[in-house]
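A.B. asks: Supplied in structure tokens, the structure appears directly below.
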Amino acid sequence: MSVQEIKAAIRALPDADFQEVSCAVDEMEAERFDQSLDQAAQSGKFDPWLKKVDADIDAGCVKPLNEVFDDA
């Protein structure tokens, strides 16, 4: 089945079934996103960013969130 055929079949669904498919696709998308984040983290992709964050914290360049929101 092609993507176009799948899209046409989804468009033809009754509202309740369309909603069910929509929720299922949203869940699958979230799972894929989580998996890609996990893979990126495990590969060390975020390590340089995390080192900068740690350095900023050590240098006192960050405020606790409660201070940030108290200023708003």
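A.B. asks: So which pairs qualify, if the first residue must be in the range 51-72 and more than 25 Å from Ala41 (Cα to Cα) and in a helix (DSSP H, G or I), the second must be open to solvent by 90 Å² or more (accessible area, probe 1.4 Å) and not hydrophobic (A, V, I, L, M, F, W, C), the Cβ gap must be under 9 Å, and the two must be at least 6 apart or on different chains?
C.D. replies: Asp71/Lys63
A.B. asks: Could I ask something else about it? Pairs needed: first member in the range 13-29, surrounded by 11 or more Cβ atoms within 10 Å (Cβ to Cβ); second member anywhere, outside any helix (DSSP H, G or I) and not basic (Lys, Arg); C-beta distance under 8 Å; at least 6 residues apart or different chains.
C.D. replies: Val21/Leu13
A.B. asks: Within the range 30-50, which residues are outside any helix (DSSP H, G or I) and surrounded by fewer than 10 Cβ atoms within 10 Å (Cβ to Cβ)?
C.D. replies: Passing the criteria: only Gly44.
A.B. asks: Here is a further query. Out of the residues in the range 55-72 that are open to solvent by 90 Å² or more (accessible area, probe 1.4 Å) and not aliphatic (A, V, I, L, M), which is farthest from Ala9 (Cα to Cα)?
C.D. replies: Asp58
The values are calculated or read from the model by the stated rules, or taken from the named source; none is laboratory data. Note that the structure is predicted; figures quoted are calculated from it, not measured. Don't worry about glycine lacking a Cβ; one is built from the backbone with ideal geometry, like all the others, and counts go over all protein chains shown. Keep in mind that these areas ignore ligands, DNA and RNA; they rest on the heavy atoms of the full protein, side chains included. Shrake-Rupley method; radii C 1.70, N 1.55, O 1.52, S 1.80 Å.
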